[in-house]
Each structure stands twice: as structure tokens, then as C-alpha cells.
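Any read-out appearing in this document is the output of simple, stated calculations on the displayed coordinates, not a laboratory observation. Not measured: the values here are computed from a predicted model. Reconstructed Cβ throughout: ideal geometry from the backbone, glycine too, with neighbour counts over all protein chains shown.
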Amino acid sequence: MSLTEMTGTEIDNYAPDFELPGVDGEVHHLARYLENFKVVCVIFLSNQCPEVD
């Protein structure tokens, strides 16, 4: 990938909806959180969790 190539969501655009399995056994959807919050931050603390292959 060159330094001038852009990937991901551009600034001032919404991220596409996605879902992630939680350690609580629930599936969490970005769109559902955005119904109640203006900003959502997803932090991955470890790649050793059982959900990561």
C-alpha cells in the first residue's frame, strides 16, 4: 500500500454498521449504540481472547 492510498471510512462520514460478539455472550451492534450515544469507541485490549483466530 502506498502512503497516498486511503483505506477505511473518510473523515466526516459515518462508519458502516458492524457487530461484535461480547464477553457477556451478547452480540453488540454499532447502530444500536448510536441510538443512545453520539460517540462510540471500541478498544481491543488483547488478541489472546477466544474470539480472535
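Here are a few things to note about the model shown:
- Distant-in-sequence amide H partners of residue 28 (H built 1.01 Å from N, under 5 Å): 20, 22
- A crude spin-label estimate for the pair residue 13 and residue 34, with each label 7 Å from Cα along the Cβ direction, gives 1.3 nm.
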